Amino acid sequence: MPIMITSFALAASLAAASFAQPADIGMDRAVEIARENGIARVTDVDTEDYGWEIEGCTADNFEIEIEIDRSGRVRDIDRDDDRCDPDRWNRGA
């Protein structure tokens, strides 16, 4: 009987592991990934159901928003035609 219980427990843990979500990346890693993908200055960092949304400015001063999932994969990059507002930096945003 112990062999059957052990086998069942092993099968249950393997099944649970196959459905496990990848470990969440932290904010620092999310910002690092955003910088690797075009954000030169970060203006806002928000948590979302899927992971992280990071807004900022590109090196040539255009607005950019990057969505990063919990595993660190870039979901979307939205580069805007609008220039970053320099007053936003002066307010410490």
Using θ = phi - 60° and the Karplus relation 6.51 cos²θ - 1.76 cosθ + 1.60, list the HN-Hα couplings for the stretch 75-80 in order, rounded to whole Hz, with x at every Gly or Pro.
7, 7, 10, 10, 8, 9
Would you mind calculating the relative contact order of the stretch 41-83 from Cα pairs under 8 angstrom and at least 6 residues apart, reporting the percent as a whole number?
30 percent
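Laboratory data are not the source of any read-out in this text; all were calculated from the coordinates shown. As the structure is a prediction and not an experimental result, all values here were calculated from the model.
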